[in-house]
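For reference, the structure discussed in these notes is given below.
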Amino acid sequence: MALYGVCCFLLVLLPAVLAKKGDVIEITDNSWRDILQGEWMIKFYAPWCPACHKLQPEWKTFAEWGDDLNVNIAKVDVTAQPGLSGRFIITALPTIYHCKDGVFRKYQGARTHKDFINFVNEKEWESIEPLSSWFSPDSVLMSGMSTLFQLSVWIRYCHNYFVEDIGLPVWGSYIIFGLITLFLGLFLGLVLVFVADYLCPTKRQRPQGFTYPKKLTPEAAKLLKELEEEQDRENNGEATGDDNSKENLRKRIGKS
């Protein structure tokens with residue numbers, strides 16, 4: 001009975017062990033930060049790529065050595081994960097990256113499982129210049145690039161929905177995106193104006209009062225006295241000259 005139980009246990013456990021060995025880890029936009037810890041070899045591919053199909057058996061054989069080499073073997077489908085395609089700037093397929101504790105290097109060697117094994121086992125990756133901090137996948141620049149790629153895929157999805165599902169003409173879809181871009185630009189511009197005005201408020205210019213020269217000529221002093229007497233009479237409710245005469249007096253004082 002005990003032997004039967006052990007056999008049943010092995011029958012259940014053995015397929016799980018065998019299934020785990022040689023598995024290639026699928027990396028997504030949500031789980032890509034897992035590769036920042038430990039050592040990884042990551043393949044970027046597309047289902048329609050002939051070269052990727054040719055590489056697949058070699059990559060699977062290489063994955064069977066992952067436990068022995070203490071390296072994680074992963075893959076990324078760029079058609080399903082456009083954000084990672086932008087984050088790693090994938091311009092050719094298949095593309096292979098090596099990552100060791102968050103330091104990325106691009107693999108440029110031969111593409112057989114033996115070459116991959118030697119690359120990891122002999123630490124050939126140490127002779128390759130790592131990506132700069134600017135172009136590292138976890139940098140701010142590459143995070144922005146990832147967002148742009150995801151946005152472009154979303155725009156294409158919306159365009160296909162408008163044209164194929166709703167039945168709008170192609171030019172109608174372009175008009176919708178044009179209007180969205182226009183109103184979004186106006187909204188962002190308005191927000192920037194408010195922010196700029198809040199951070200750097202404009203100084204309101206107040207009208208400057210009339211100033212007289214510090215040193216007055218005898219003629220100017222006489223005119224100033226006449227202006228003061230006229231203002232005193234105005235304050236006492238007496239009849240005075242019009243505003244033009246006062247303004248003329250001020251101008252004559254300024255010229256004197």
Pull up region 18-35, narrow it to residues that are outside any helix (DSSP H, G or I) and without any contact (Cβ under 8 Å) to a residue 40 or more places away in the chain, then point me to the one that is most open to solvent (accessible area, probe 1.4 Å).
-> ASN30
Pairs only if they're at least six apart or on different chains, beta carbon under 8 angstrom, first in region 175-186 and of a type outside the set (S, T, N, Q), second surrounded by 10 or more Cβ atoms within 10 Å (Cβ to Cβ) and not in a helix (DSSP H, G or I); list them, first residue then second.
-> ILE176/LEU168
Do we find a residue being part of a helix (DSSP H, G or I), modelled with pLDDT of 70 or more and open to solvent by less than 90 Å² (accessible area, probe 1.4 Å) anywhere in region 212-220?
-> no
Got at least one residue in region 152-169 being exposed (fewer than 13 other Cβ atoms within 10 Å of the Cβ) and touching a residue at least 24 places away in the same chain (Cβ under 8 Å)?
-> yes
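Matching residues to (1) modelled with pLDDT of 95 or more; (2) closer than 30 Å to SER152 by Cα; (3) hydrophobic (A, V, I, L, M, F, W, C):
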site	(1), (2), (3)
LEU11	no, no, yes
ALA16	no, no, yes
LYS20	no, no, no
ARG33	no, yes, no
GLY38	no, no, no
ILE42	yes, yes, yes
GLY66	no, no, no
VAL78	no, yes, yes
Top-ranked residue in region 88-132 [being among the hydroxyl-bearing types (Ser, Thr, Tyr) and modelled with pLDDT under 90; ranked as surrounded by the most Cβ atoms within 10 Å (Cβ to Cβ)] = SER132
Of all residues in region 36-87, count the ones that are in contact with a Pro (Cβ under 7 Å, 6 or more places away or on another chain), within 21 Å of GLN108 (Cβ to Cβ) and either basic (Lys, Arg) or open to solvent by 20 Å² or more (accessible area, probe 1.4 Å) (or both).
-> 4
Among the candidates ASN118, ASN160, which residue alone is within 26 Å of the chain's Cα centre (by Cα) and farther than 23 Å from ALA92 by Cα?
-> ASN160
One residue from LEU192, LEU179 being modelled with pLDDT of 75 or more, within 30 Å of ARG87 (Cβ to Cβ) and not in a loop (DSSP other than H, G, I, E, B) | LEU192
Using the structure shown, decide if GLU247 is at pLDDT below 70, open to solvent by 60 Å² or more (accessible area, probe 1.4 Å) and acidic (Asp, Glu).
-> yes
Among the residues of region 133-146, is any modelled with pLDDT of 80 or more, open to solvent by less than 40 Å² (accessible area, probe 1.4 Å) and under 18 Å from PRO82 (Cβ atoms)?
-> yes
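The values are calculated or read from the model by the stated rules, or taken from the named source; none is laboratory data. Quantities reported herein were computed from a predicted structural model and do not represent experimental measurements. Don't worry about glycine lacking a Cβ; one is built from the backbone with ideal geometry, like all the others, and counts go over all protein chains shown. Heavy atoms of the whole protein, side chains included, go into the accessibility calculation; ligands, DNA and RNA do not. Shrake-Rupley method; radii C 1.70, N 1.55, O 1.52, S 1.80 Å.
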